[in-house]
Every structure is written in structure tokens, then in C-alpha cells.
1. Considering only region 1-52, how many residues are closer than 23 Å to Gly123 by Cα and among the polar types (S, T, N, Q)?
2. Given the condition in contact with a helix residue (DSSP H, G or I) (Cβ under 8 Å, 6 or more places away or on another chain) and touching a residue at least 40 places away in the same chain (Cβ under 8 Å), answer yes or no: does some residue in region 54-72 qualify?
3. Only residues that are open to solvent by less than 100 Å² (accessible area, probe 1.4 Å) and either of a type in the set (Phe, Trp, Tyr) or assigned to a helix (DSSP H, G or I) (or both): list them for region 12-38, please.
4. Please go through region 116-147 and pick out each residue that is open to solvent by 70 Å² or more (accessible area, probe 1.4 Å) and either in a helix (DSSP H, G or I) or in contact (Cβ under 8 Å) with a residue 40 or more places away in the chain (or both).
5. Would a scan of region 104-111 turn up a residue that is among the polar types (S, T, N, Q) and in a helix (DSSP H, G or I)?
6. Looking at the structure I just gave you, is Leu164 of a type in the set (A, V, I, L, M, F, W, C), open to solvent by 30 Å² or more (accessible area, probe 1.4 Å) and under 18 Å from Lys19 (Cβ atoms)?
7. If the Cβ limit is 6 Å and pairs must be 6+ apart or interchain, which residue in region 9-33 that is over 28 Å from Asp59 (Cα atoms) pairs with which residue that is open to solvent by 100 Å² or more (accessible area, probe 1.4 Å)?
Amino acid sequence: VLNSRDLGGLPAHNGRRIKKRKLLRSGDLHDATAEDISQLINMHDMECIIDFRSNAEIDAEPDPMPLLHGIEYKHTPALPQNAIVSIAKGHMTGDARLAKEFTGHPFEVISGLYTKAILGEIGMNAYKEFLHTLLQNTEGATLWHCTQGKDRTGIAAILVEYCLGVSMKDINRDYLATNLF
């Protein structure tokens, strides 16, 4: 599973640390093997998976739902359905106009997606639901993901880390760790 990592151990407010094996971020799970899923469930006592992907992304590469029996699954798309949200693995989803615009102005398009994800109604609702779910899940772990575990997943990780009092230096470091994974 690409870009999977535990936020546990990050320094938080008042010298505390984020509890290990409770807050997990990753890329999508469609390539996860039965052994991968078993390890997530058993090692982390997985309680919930939150999927920030669009319907088109899920249809193209669904999470292995039969292997996730007994785990709550929440689909909370963080971007409008017509936004370009996947440039991974040589394909794009979204409309042709946005695809053409992306090839001519990639930085502006990506910047606009971040704005939509953070300030757009769909994004705000997704991250509100995400944080609400985290507050409800008190026993097991919660894993959240998008396609590559970078942008939408990264925004969610930033929100959690900020709420828990992680320093901006450590938040930035964790966000950039995606480049390694």
C-alpha cells in the first residue's frame, strides 16, 4: 500500500505524543493483498476507513471490500466529481476541458484543487465528517486515504496534526515525507 504511515509518535501539545497505531494515512488500498489487510486489521485494530476519492476513482480501482469485513467504510469525497483528482498511473479522471487546462497550466490547476478541497463546500463537508468520525472512534484505528495518499489525505493529516498541537515544523516535515513514500 503506497504512502502508508502511522501518525503515532509525532510530538504534540504539552510534550505529549500522538498515540501509535490509531491514526493511519495511506494511498488507496486496491492493490492491498489479503496479508496487507490482515496486518492492518490485526496490528492496528482497524475500526474505520475513510476514502476521500471520487466515485470515478473508486469505480476504477476499488478498495478490496471483501477483505475489509467488519470495518466501517466511509466514502467522503473531498473534491467535486468533475475535478481532476487522479494523475497517477498514467490516467486522469475528470472532464476534457480540465485535462486540457491541466496540461497547459498544471501548477494553477493543482493550486485550484487545493482551494476547492479546503474551502469548497464538498471539501469542508468531507473534512468535517472526517474529524467527527475521528472523535467517535475511540477504540480502534482509523485509516484515511485518497488515490496516492498525498493531497486530500495530506490535508486531512495536517488538520489532525494541527488539532493535536503538532508544531508547524513537524507538520511540514510529515507532509513532505510523502515524497519518500
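The values are calculated or read from the model by the stated rules, or taken from the named source; none is laboratory data. This is a predicted model, so every value here is computed, not measured. FYI the Cβ positions are ideal-geometry reconstructions off the backbone, even for glycines, and counts take in every protein chain you see. Just the protein is used for accessible areas: all its heavy atoms, side chains included, with ligands, DNA and RNA removed. Shrake-Rupley method; radii C 1.70, N 1.55, O 1.52, S 1.80 Å.
1. So the answer is 3.
2. No - not one qualifying residue is present in region 54-72.
3. Step one: list which residues in region 12-38 are open to solvent by less than 100 Å² (accessible area, probe 1.4 Å), which gives 12, 15, 18, 22-30, 32-34, 36-38.
Scanning region 12-38 gives Gly15, Ala34, Asp36, Ile37, Ser38.
4. Pass one, region 116-147, residues open to solvent by 70 Å² or more (accessible area, probe 1.4 Å): 116, 118-119, 121-122, 124-125, 128, 132, 135-136, 138-139.
Passing the criteria: Lys116, Ile118, Leu119, Glu121, Ile122, Met124, Asn125, Lys128, His132, Leu135, Gln136, Glu139.
5. Restricting attention to region 104-111, the residues satisfying the condition of being among the polar types (S, T, N, Q) are 111.
Within this subset, residues satisfying the condition of being in a helix (DSSP H, G or I) are 111.
Looking for residues that are among the polar types (S, T, N, Q) and in a helix (DSSP H, G or I), one finds at least one in region 104-111, hence yes.
6. yes
7. Qualifying pairs under 6 Å: Gly9/Arg17; Gly9/Lys20; Pro11/Arg17.
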